[in-house]
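Chemist: A single structure is presented below for examination.
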Amino acid sequence: MLYSIATVCLSGTLREKIDAIAAAGFHGIEIFETDLILHNGPVSEIRAMIEDKGLKIVTYQPFRDFEGMPEPFRAKTFDRAERKFDLMAQLGCDLLMICSNVSPMALGGIGRAADDFAELGNRAAKRGFRVAYEALGWGRYVFDYRDSWEIVRRAAHPNIGLTLDTFHIFSRGTDLGAILSIPGDRIFLVQVADAPNLSMDHLSWSRHYRCFPGQGELPLDRFMKNLEATRYDGPLSLEIFNDQFRSASATATARDGYRSLVYVGSRAEDTAHTSLPPPVAPSEVAFIEFAVDKAESIDLAAILIALGFIEAGRHPHKAVRLFRQGSVNIVLNLEPESFAQRYHQAHGASVCAVGLVVPDETAAAQRCELLNYPIDNVDGGAGGHGMKTVTTTGGSLLYLAGADEMQGVWQREFVPTGQVAGKLFLKTVDHVAYTMSYEEMLSAVLMYRSVFGMTATTPTVIADQGGLVKSQVMQTADQRVCFAMNSSQAEGTVSNEVLRHYAGTGVQHIAFSCHDIFSVAEALRQAGVATMPVPGNYYDDLAARFSIPSETVGRMKSSGILYDEDAFGSFYQLYTRHFRQRLAFEIVERRGYRGFGAPNAPVRTAMQRLELLNP
């Protein structure tokens, strides 16, 4: 299929959009009418810009309010169409996309609409043009692709075909089965869009909340499988109306758009035509690497030691230290001229990298490359660790390594200190939580889903005292690797306060699962590590909500431990205060519980907000 994108998806001038589209790897472009109108130059200049970039104009769109108009308006619609044909001739475009009529003057009737399209087909054929008809989800009479197909079928003209748009189909909850009865050569254009599941009017939903395939919640794989069965081989295009996209970098947005088409194209049942290998799900977090300076390293090491970590090793030639507790590894990197220190210069004390154990690092790297996530070997060189890396949305790194390779890295890169492990408090990295902008959140969702096959939890909204925060977790099927993402458009939230300290995307907290949270709380207290205070009223409410022994509630209150339950079990969580006003450590004890303590989030953010605003 020819991968294409509509200019309406991107920010900037038409020239900037064309440059970004070509650079991202697209070969097709849809010219949105407004972009052409606003271009300060002749149409011939637009055509030259597009051809110079090796792009093909897939369609000119949209042509509105055509079918079913009474006279004298009907005659005027054909005059308008002829003028658009003149314009298309100048552009070098042969396909006009018409969306179903929304005019209050429109007359219903499939037969009437079919007659209009049959006449338009005759006019288009004389000039070598084609017309693709789309059912808008809010069309006056035609809002179902089955009706638009029936109109095209009755028009019975080779120059009249169908446009299928996934948003209009899924927003109406229309059955996909009828797609199987449509011949592929009668479909002239397919537009794929994802979206979150929302309860609102179709027009507002479409105009503000569409997103790229893989960034939302629509079951696009089902659509793609049915489309594949029709043997359609025309353009697969993106028409995305999204407020954030139209204010974000056109280059970055176009890159994500192209990745999304590669991803959704691989979701069809018959993928023999694609070289994209299956997703490679990580099995565990191998390590978390911090970029710190000397003073930060000392203070952070003290917190880690209080949590039960030992300094297990030091790099023989570099200022890099390894702290370990069981299978949990933390790396502190102070090495000058390293990626970590370059990252530190931009963001201060921060997590600059996360290492993932994958079953096949070669396949994972290949999938990254084919999805246009370049693979690198940062700070490798002579005597380097040799691990493959991929850059995340916020600029930090993901290391990809097999279990055996990871074991070799520890042996090669670090000289053991000989320190003996004490009592093991912690079991695993439960999850890593990031704070980021909304557009970066969509980009991150696409990356984790398309590369690693991770699934998204239903987005939740957290009521921070400074505003609302959107939170979503990407996780592997076994929940052994989880990344939580938080974003807010309200300036006063904890999420945005942390974002300002980082000057960009950063880790808001790292959650460790533990054997006994009360033992961890006591160890932190004895080491003098401050934990997040919790209001006494919280525990009064807790005793009313759950059947918890009063003695247990008292222990939780004295340690600042939060609590929740779900259908699978109970959950305890404890937070340290923020390190350098950026990052906190969370300790969790799961007793069958599968969530992430969302009911406690308003308490957490209220306390953290006080801490960050009054350091």
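Chemist: How much mean residue ellipticity at 222 nm does the chain get from its helices, if each DSSP H run of length 4 or more adds -39500 (n - 2.57) and you divide by all residues, to the nearest 500 deg cm²/dmol?
Modeler: Taken over the chain, the calculation gives -11000 deg cm²/dmol.
Chemist: Out of 331, 366, 309, whose Cα points farthest toward the positive end of the dipole of region 284-416 (charges: +1 Lys, Arg; -1 Asp, Glu; placed on Cβ)?
Modeler: Of the candidates, 309 comes out farthest on the positive side.
Chemist: For region 105-175, what number results from the quotient of the Cα radius of gyration and 2.2 N^0.38 Å?
Modeler: Rg over 2.2 N^0.38 Å, computed on Cα atoms: 1.10.
Chemist: Charges on Cβ only, +1 for Lys and Arg, -1 for Asp and Glu, centred on the Cα centroid of the chain; of 129, 456, 77, which one is farthest towards the dipole's positive end?
Modeler: Value: 77.
Chemist: Which of rounded, prolate, oblate describes region 43-197, given a ≥ b ≥ c as roots of the alpha-carbon gyration tensor eigenvalues and a/c under 1.5 marking rounded, otherwise prolate only if a/b is larger than b/c?
Modeler: Note, shape of region 43-197 comes out oblate.
Chemist: What order, most packed first, do the peptides 469-477, 162-170, 407-415 have when packing is the mean number of other Cβ atoms within 10 Å of each residue?
Modeler: 162-170, 469-477, 407-415
Chemist: Another one. Using only Cα atoms, find the angle between the long axis of helix 14-24 and the longest principal axis of the chain, and express it within 0 to 90 degrees, rounded to the nearest 10.
Modeler: 60 degrees
Chemist: Going by average Cβ density within 10 Å per residue, which order do the peptides 294-305, 479-490 take, highest to lowest?
Modeler: 479-490, 294-305
Chemist: Between region 394-448 and region 51-67, what's the alpha-carbon centroid distance in Å?
Modeler: Using only Cα atoms, the two centres lie 46 Å from each other.
Chemist: Compute the angle between helix 43-52 and the longest alpha-carbon principal axis of the chain, please, reported from 0 to 90 degrees and rounded to the nearest 10.
Modeler: That works out to roughly 50 degrees.
Chemist: Can I ask one more? Please report the spacing between the Cα centers of region 317-341 and region 562-580 in Å, no decimals.
Modeler: 28 Å
Chemist: How much of the DSSP bridge set in the chain is antiparallel, in percent, rounded to the nearest 5?
Modeler: 55 percent
Chemist: While we're here: Kirkwood Rh, Cα Rg: Rg to Rh for region 292-371?
Modeler: Over the Cα atoms of region 292-371, Rg/Rh equals 1.04.
Chemist: OK, next. Report, in debye and to the nearest 20, how large the dipole of the chain comes out about its Cα centre when Lys and Arg carry +1 and Asp and Glu carry -1 on their Cβ.
Modeler: Magnitude of the dipole: close to 160 debye.
Chemist: Taking the Cα atoms of the chain, report the difference between the largest and smallest coordinate on each principal axis, in whole Å and largest first.
Modeler: 86, 62, 43
Chemist: To make sure I understand, if each residue's beta carbon is the centre and we count other beta carbons within 10 Å, what order do 201, 115 fall in, fewest to most?
Modeler: 201, 115
Chemist: Sticking with this one: Restricting to Cα pairs below 8 Å that are 6+ residues apart, what does the relative contact order work out to for the chain? Please round to a whole percent.
Modeler: It comes to 10 percent, rounded to a whole number.
Chemist: Which one of 587, 236, 605 has its Cα pushed farthest toward the positive end of the charge dipole of the chain, where Lys and Arg give +1 and Asp and Glu give -1 at the Cβ?
Modeler: Among 587, 236, 605, the one farthest towards the positive end of the dipole of the chain is 605.
Chemist: Turning to a different aspect of this structure: Give, as a single signed number, the net charge of other residues whose beta carbon lies under 11 Å from the beta carbon of residue 350, with Lys and Arg counted +1 and Asp and Glu -1.
Modeler: Overall, the nearby charge balance is 0.
Chemist: Could you tell me how many degrees, from 0 to 90 and to the nearest 10, lie between the Cα long axis of helix 536-545 and the main elongation axis, the longest principal axis, of the Cα atoms of the chain?
Modeler: Once rounded, one gets 70 degrees.
Chemist: Suppose every K and R has +1 on its Cβ and every D and E has -1 on its Cβ; what is the size of the dipole of region 426-613 about the Cα centre, in Debye to the nearest 20?
Modeler: In total the dipole reaches around 260 debye.
Each reported figure results from applying straightforward, stated rules to the coordinates on display, with no laboratory input. Keep in mind it's a predicted model, so treat the numbers as computed, not measured. Using ideal geometry, Cβ is built from the backbone for each residue, glycine included, and neighbour counts are taken over all protein chains shown.
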